[in-house]
Amino acid sequence: MKKIVSLLSLSFLFGCSTSNKIAALKPMPSENVPMVYKTTTSFVDMPMEITLKEIENQLNKSLSGLIYEDNNLEDDKSEMKIWKTGTIKLIEKDGKIQSILPLKIWSKFKYGTDFMGLNDTREINLNGTITLLSDAKLSNWKMNTTSKIEDFEWSESPSILVAGKKVPITYIINPTLSIFKSKVAKKIDDAIEKSCDFKPYVLDVLEKMSTPFVTSEQYETWFKLNPIEVYVTDAVLKKSKIEMELGLKCSMQTMVGQQPKISFNRESVTFKSVTKMPNKTTASIAAISTYESASRIITKNFQGKEFASGSRKIVVQKVDLWSKDGKMIIALDMTGSINGTIYLSGIPNYNSATKEIYFDQMDYVLNTKGILTKTANWLLQGTILKKIQENCRYSIKDNLAEGKKNMLPYLSNYSPMKGVFVNGTMDDFEFEKVELTNDAIIAFINATGKMNVKIDGME
């Protein structure tokens with residue numbers, strides 16, 4: 001009987017020396033971790049161009065039929081009505097805007113003196129095409145022009161009404177056209193300013209761009225832009241286009257969870273004039289990995305690998321990840337000299353060279369360390385932990401590619417509204433930080449690029 005007991009004891013001791021069973025207390029995941037809310041202040045440079053054709057279209061929409069009416073004869077001894085009779089054409093000429101306007105002008109004017117009633121009135125009819133030359137500039141987001149009449153071309157001879165009949169007066173009207181020039185030019189300048197107020201259009205574009213959009217449906221990731229200030233340089237007429245630099249100071253938010261609310265407020269956006277702006281755009285991209293996918297990838301890293309210390313060996317069969325108190329918990333199911341699950345903690349970080357997420361400051365959690373001290377003190381050696389740590393990493397190249405891919409549609413002839421087109425490029429990414437949620441590891445990456453806005457064909 002003593003021999004049997006001795007054999008059983010020996011067998012037990014041998015078994016313990018070759019394979020120990022551990023049951024470390026599992027660190028439970030953190031509860032009620034808030035949704036990730038990431039905000040960065042960025043400057044978006046958007047060179048903006050407005051075709052002369054677009055201004056022409058807006059001008060023709062603004063001016064139609066009767067475009068001017070003055071029925072007061074007593075203030076300047078004249079009444080006047082002006083009709084637009086055809087399409088206004090705008091042409092660039094020597095850095096200025098040349099306007100060609102088909103007009104019909106009716107005027108009544110008083111001549112003579114009121115003394116003893118020695119006065120009379122006459123009506124004049126003018127029908128033809130007027131050419132104006134305008135200096136153009138953008139002020140307070142409105143197109144301002146200073147126009148001068150360059151030429152009159154009559155489609156029919158100017159005339160006056162005498163006894164109800166039209167009497168040609170071409171030979172006398174040309175020297176007296178100055179009474180019309182200032183009024184016609186002023187009317188055109190006022191119409192251009194009214195029809196070419198771009199501030200509402202800019203606000204409309206910003207409102208559309210501020211609408212949150214999905215960057216990843218699978219991970220419920222949203223991108224939102226909140227405008228703060230808008231800057232603009234002086235406008236330049238060049239190659240039949242009005243060119244200016246449009247700058248946007250904004251906050252860019254990357255969110256995980258439910259769709260963010262639209263919070264755009266037209267009244268809160270400040271407009272400022274500047275002389276120069278940087279030519280770069282910065283955006284924050286979220287590269288998201290669920291714990292499930294990260295666990296699956298890291299598990300593959302351990303396949304076919306043994307971790308040894310002398311005659312003792314372990315094999316990691318499965319890896320699980322979750323977050324607790326701002327740290328990552330790495331659960332390693334292992335077999336060999338130790339059977340069971342050990343728990344490590346670490347802080348996620350990013351390797352920009354390899355585009356990998358790895359875990360820094362990795363160590364055993366306290367309850368695991370206590371178990372190992374009693375049963376497998378050899379596993380606490382730094383060399384084994386270092387080898388394990390080397391395998392606890394995974395690439396986010398695909399995630400970054402997906403994030404970039406999801407942004408590209410908004411940089412490739414994107415039209416937030418009819419007649420407005422946004423184009424741009426996106427350069428390489430620069431790592432900023434890693435955040436942990438209940439469900440995912442999120443690496444925030446800054447992307448730089450360029451953008452431009454073209455206005456052509458608005459309603």
Amide H contacts under 5 Å for LYS89, restricted to residues at least 5 apart in sequence or on another chain and with H modeled in the peptide plane, are ILE100
Across the stretch 228-241, in residue order, what do the Karplus-derived ³J(HN,Hα) couplings come to in whole Hz, using 6.51 cos²θ - 1.76 cosθ + 1.60 with θ = phi - 60° and x for Gly and Pro? 10, 9, 10, 10, 8, 8, 4, 7, 10, 8, 8, 6, 6, 9
Computed helical MRE - 222 nm, the chain, DSSP H runs ≥ 4 contributing -39500 (n - 2.57), nearest 500: -7000 deg cm²/dmol
For SER30, the residues 5 or more places away or on another chain with a placed amide H closer than 5 Å to its own amide H are SER323, LYS324, ASP325
Least to most buried among LEU225, LEU380, by other C-beta atoms within 10 Å and fewest first, runs LEU380, LEU225
Taking H as built 1.01 Å from N, whose amide H comes closer than 5 Å to the amide H of CYS196, not counting residues under 5 places away? MET143
In percent, how large is the relative contact order of the stretch 274-418, given Cα pairs closer than 8 Å and 6 or more residues apart? 20 percent
Packing-wise, with mean Cβ within 10 Å as the measure, how do 323-332, 234-243 rank, highest first? 323-332, 234-243
At the level of C-alpha centres, the distance separating the stretch 206-251 and the stretch 121-151, in angstrom, is 34 Å
Positive-pole candidate from PRO416, THR290, THR146, dipole of the chain, charges at beta carbon: THR290
What is the stretch 289-329's relative contact order, in percent, from Cα pairs under 8 angstrom and six or more apart in sequence? 39 percent
For the chain, what's the relative contact order in percent, using C-alpha pairs closer than 8 Å and at least 6 residues apart? 18 percent
Positive minus negative residues near ALA136 (Lys, Arg vs Asp, Glu; Cβ under 13 Å): -1
Could you state the angle between the C-alpha long axis of helix 178-195 and the longest principal axis of the C-alpha atoms of the chain, as a value from 0 to 90 degrees rounded to the nearest 10? 20 degrees
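Values quoted throughout were computed directly from the atomic coordinates according to the rules given, and no laboratory measurement underlies them. What you see is a predicted model, and the numbers here were worked out from it, not measured in a lab. Cβ sites come from the backbone with ideal geometry, for glycine too, and all protein chains shown count toward neighbours.
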